[in-house]
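The values are calculated or read from the model by the stated rules, or taken from the named source; none is laboratory data. Values in this document were obtained by computation on a predicted structure and should not be read as measured data. Cβ placement follows ideal geometry from the backbone for every residue including glycine, while neighbour counts extend to all protein chains displayed. Side chains are part of the model used for accessible areas, which takes the heavy atoms of the whole protein and leaves out ligands, DNA and RNA. Shrake-Rupley method; radii C 1.70, N 1.55, O 1.52, S 1.80 Å.
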Amino acid sequence: MENTLQPGDKLFVWMLNPDGTIDASCGSLPVEASGSATAPFLVGDLHRENRIFGAERQSEQGLQDAQLFTRPLVNVTHVELF
């Protein structure tokens with residue numbers, strides 16, 4: 001299974017604060033018909049070409065580039081698989 005982001009997928013994004021607590025801005029978001037998922041706590045869009053791993057790395061890099069986190073840890077999972 002390639003685990004790519006597809007329109008209609010529901011994702012949950014977790015972010016850990018530097019002290020190990022779960023960041024309050026974590027939450028779920030849908031992948032839109034265009035194949036992108038946008039949330040206020042992410043920097044940029046996650047595109048359907050991305051696999052879950054790519055979405056995590058893209059989010060971590062965006063948070064680091066925006067200087068919101070120095071060493072971000074992001075986890076993206078499917079809420080519903082079907």
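Return the pair list, or none, for Cβ contacts closer than 7 Å from residues in region 18-35 that are within 16 Å of ALA55 (Cβ to Cβ) to residues that are β-branched (Val, Ile, Thr), at least 6 apart or on different chains.
That search, which allows pairs on different chains as well, returns CYS26/VAL13; GLY27/VAL13; SER28/VAL79; LEU29/VAL13.
Based on this model, can you work out whether PHE53 counts as hydrophobic (A, V, I, L, M, F, W, C), outside any helix (DSSP H, G or I) and at pLDDT below 85?
In short, no.
I'd like the residue in region 9-38 that is of a type in the set (Gly, Ala, Ser) and open to solvent by less than 30 Å² (accessible area, probe 1.4 Å) and, out of all such residues, is farthest from GLU56 (Cα to Cα). Break it down into steps so the answer makes sense when it comes.
Of region 9-38, the ones of a type in the set (Gly, Ala, Ser) are 20, 24-25, 27-28, 33-37.
This time we only want the ones that are open to solvent by less than 30 Å² (accessible area, probe 1.4 Å), so: 27, 35-37.
Details: GLY27: 14, GLY35: 16, SER36: 14, ALA37: 12 Å.
So the residue we want is GLY35.
So which residues in region 56-73 are of a type in the set (A, V, I, L, M, F, W, C), outside any helix (DSSP H, G or I) and either in contact with a Gly (Cβ under 7 Å, 6 or more places away or on another chain) or modelled with pLDDT under 85 (or both)? I'd like the intermediate steps shown before the answer.
From region 56-73, those of a type in the set (A, V, I, L, M, F, W, C) are 63, 66, 68-69, 73; that's our starting set.
From what's left, outside any helix (DSSP H, G or I): 66, 68-69, 73.
Once the filter is applied, which keeps residues that are of a type in the set (A, V, I, L, M, F, W, C), outside any helix (DSSP H, G or I) and either in contact with a Gly (Cβ under 7 Å, 6 or more places away or on another chain) or modelled with pLDDT under 85 (or both), region 56-73 yields ALA66, LEU68, PHE69.
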